[in-house]
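*Asks:* After the structure tokens below, expect a handful of questions from me.
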Amino acid sequence: MRTTKAAGARRLGLIPPYLFAEIDRKVQEKKRSGIDVISLGIGDPDLPTPKRIVSVLQEAAADADNHRYPSYFGLAELRGAIANWYRDRFDVRLDPQTEVLPTLGSKDGISHVPLALVDPGDIVLAPDPGYTVYVTGALMAGAEPYTMPLKPENDWLPDLDAIPDEVAQRARLMWLNYPNNPTAAVADRKFLTRAVDFCRERGIVLCHDAPYSEIAFDGYRPLSLFEIPGAKEIGLEFHSLSKTFNMTGWRLGWVCGRADLVALIGQLKTNIDSGIFQAVQWAGIEALNGGEEETRAACEVYARRHRLVADTLNSLGWKITPPRATFYVWAPVPDGYDSIGFASHVLDEVGVNITPGVGFGAHGEGYFRLSVTAPDARLAEAMKRMEKLRH
Ligand code: MLT
């Protein structure tokens, strides 16, 4: 019998299995063995997609015009709705023809952008801890990721001055993500301006991943990168309907910014996928045109849950301040544990699934992340269980 010549491409050997796929596998194993696991591991809103959006999908799904190949670059109406949303929310002007490209969720854009913009051997600057796809996307493109540590003493912002000149010279692309996953940190105008200047001076494309821009509390309004003067000359911003409208399963996002860079991503993507089901695009248009009321209501829910988590963990000895944005809590693990050890301990002892910080990079060691995207009763039960946790 002949064996196959290769078990897998060498490039796949460079990247670990996807963090959340692995976590999901572990949780499913526990559930199969009869344990009632409460999952706070992934940032996946439990609140339903607003009805008005679902209704548009239902109607559009029944319309045969939407059953054929969609336009490769997204419906003009969707690109227009995205540009209008930027205008209304950030007072930023985007040309819907050239500066906006819908994607199959923002992960699609994020994972593919290095293939479109970066050559093998180039450096991609990525935050650590950070969303894992910044690094794996770079590796798949044959690029060299260079991680920028995020540290509590710098408010979880990268220290741009610490990037060596020879690294900055070889860097083609920098990733930033504020409000931040996993640390829940936010970036102010001063930092974003500094980042724009840094990248402009060195000819680096600045990619800002902003899916949490609408998940913010107490009147805080996160910035778009394009509110910073000059950002559009060097920048791309990635967005998604997933977190804003509870639409993680729908896979609808976009990349926007400098037209020639957007065009290159479009050129790549038209060779890879065949666009987004048009019924989903019509639902996305409805989402963007419908105002912020539902998102603000969801944020009230998250804020209440954040207070519950902070109160519970603080009563157990943590010192947690609820974050200004995102549905994540980022907290140090207790003495005597590393992050995987603590996450395993919590799962094994009380059946609560949290994410080990090291899953987001070496600088996430010593921390864990939990997401307040579980229904109220389940989160309350998880907090009760945490109170029973033996150290
Ligand atoms: C997370 O939990 O970090 C995110 O939900 C993952 C994602 O957005 O793909």
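*Asks:* Would you pick out the residues in the range 19-35 that are of a type outside the set (A, V, I, L, M, F, W, C) and either under 21 Å from F368 (Cα atoms) or assigned to a helix (DSSP H, G or I) (or both)?
*Replies:* Those that are of a type outside the set (A, V, I, L, M, F, W, C) and either under 21 Å from F368 (Cα atoms) or assigned to a helix (DSSP H, G or I) (or both): E22, D24, R25, K26, Q28, E29, K30, K31, R32.
*Asks:* Tell me the residue from A138, A126, A162, A171 that is small (G, A, S) and open to solvent by 10 Å² or more (accessible area, probe 1.4 Å), please.
*Replies:* Testing whether each residue is small (G, A, S) and open to solvent by 10 Å² or more (accessible area, probe 1.4 Å) leaves just A162.
*Asks:* Taking the range 39-48 as the search range and keeping residues that are modelled with pLDDT of 95 or more and surrounded by fewer than 20 Cβ atoms within 10 Å (Cβ to Cβ), which one is nearest to the chain's Cα centre (by Cα)?
*Replies:* So, considering only residues that are modelled with pLDDT of 95 or more and surrounded by fewer than 20 Cβ atoms within 10 Å (Cβ to Cβ), the one nearest to the chain's Cα centre (by Cα) is D44.
*Asks:* Tell me, which residue of the range 236-289 that is assigned to a helix (DSSP H, G or I) and hydroxyl-bearing (S, T, Y) is modelled with the lowest pLDDT?
*Replies:* Selected residue: T270.
*Asks:* Further, regarding this structure: Which one is modelled with the lowest pLDDT, of the residues in the range 87-107 that are in contact with a Ser or Thr (Cβ under 7 Å, 6 or more places away or on another chain) and in a helix (DSSP H, G or I)?
*Replies:* So, considering only residues that are in contact with a Ser or Thr (Cβ under 7 Å, 6 or more places away or on another chain) and in a helix (DSSP H, G or I), the one modelled with the lowest pLDDT is S106.
*Asks:* Here's another thing I want to ask about it. Go through (1) open to solvent by less than 20 Å² (accessible area, probe 1.4 Å); (2) without any contact (Cβ under 8 Å) to a residue 60 or more places away in the chain; (3) within 16 Å of the ligand (Cβ to nearest atom) for G249 and report which single condition fails.
*Replies:* G249 satisfies every listed condition except (1).
*Asks:* Could I ask something else about it? Take the residues in the range 99-112 that are within 15 Å of the ligand (Cβ to nearest atom) and within 17 Å of Y72 (Cα to Cα), then tell me which one is most open to solvent (accessible area, probe 1.4 Å).
*Replies:* L104
*Asks:* Can you pull out every residue in the range 112-129 that is farther than 12 Å from C207 by Cβ and not aliphatic (A, V, I, L, M)?
*Replies:* D119, P120, G121, D122, D128, P129 - these are the residues of the range 112-129 that are farther than 12 Å from C207 by Cβ and not aliphatic (A, V, I, L, M).
*Asks:* Tally the residues that are of a type in the set (K, R) and assigned to a helix (DSSP H, G or I), restricting the search to the range 323-367.
*Replies:* 0
*Asks:* It is to be established whether one or more residues within the range 306-319 are open to solvent by less than 40 Å² (accessible area, probe 1.4 Å), among the polar types (S, T, N, Q) and in the same structural domain as P356 (by TED's automatic domain parsing).
*Replies:* There is at least one residue in the range 306-319 that is open to solvent by less than 40 Å² (accessible area, probe 1.4 Å), among the polar types (S, T, N, Q) and in the same structural domain as P356 (by TED's automatic domain parsing).
*Asks:* Right, another one. Considering (1) crowded, with 24+ Cβ neighbours inside 10 Å; (2) part of a strand (DSSP E or B), say which one P145 fails and leave the rest.
*Replies:* Of the numbered conditions (1) crowded, with 24+ Cβ neighbours inside 10 Å; (2) part of a strand (DSSP E or B), the odd one out for P145 is (1).
*Asks:* Can you tell me which of S111, S213 is assigned to a helix (DSSP H, G or I), hydroxyl-bearing (S, T, Y) and closer than 30 Å to W250 by Cβ?
*Replies:* S111
*Asks:* Could I ask something else about it? Within the range 368-391, restricting attention to residues that are in a loop (DSSP other than H, G, I, E, B) and modelled with pLDDT of 95 or more, which residue is nearest to the ligand (Cβ to nearest atom)?
*Replies:* Among residues in the range 368-391 that are in a loop (DSSP other than H, G, I, E, B) and modelled with pLDDT of 95 or more, the one nearest to the ligand (Cβ to nearest atom) is T373.
*Asks:* Looking at the range 17-38, which of the residues that are closer than 12 Å to G351 by Cα and surrounded by 12 or more Cβ atoms within 10 Å (Cβ to Cβ) is farthest from the ligand (Cβ to nearest atom)?
*Replies:* Per the criteria, the residue is I35.
The values are calculated or read from the model by the stated rules, or taken from the named source; none is laboratory data. It should be emphasised that the depicted structure is a prediction, and the values quoted were computed from it without experimental measurement. Don't worry about glycine lacking a Cβ; one is built from the backbone with ideal geometry, like all the others, and counts go over all protein chains shown. Protein only, heavy atoms only, side chains kept; ligands, DNA and RNA dropped before computing areas. Shrake-Rupley method; radii C 1.70, N 1.55, O 1.52, S 1.80 Å.
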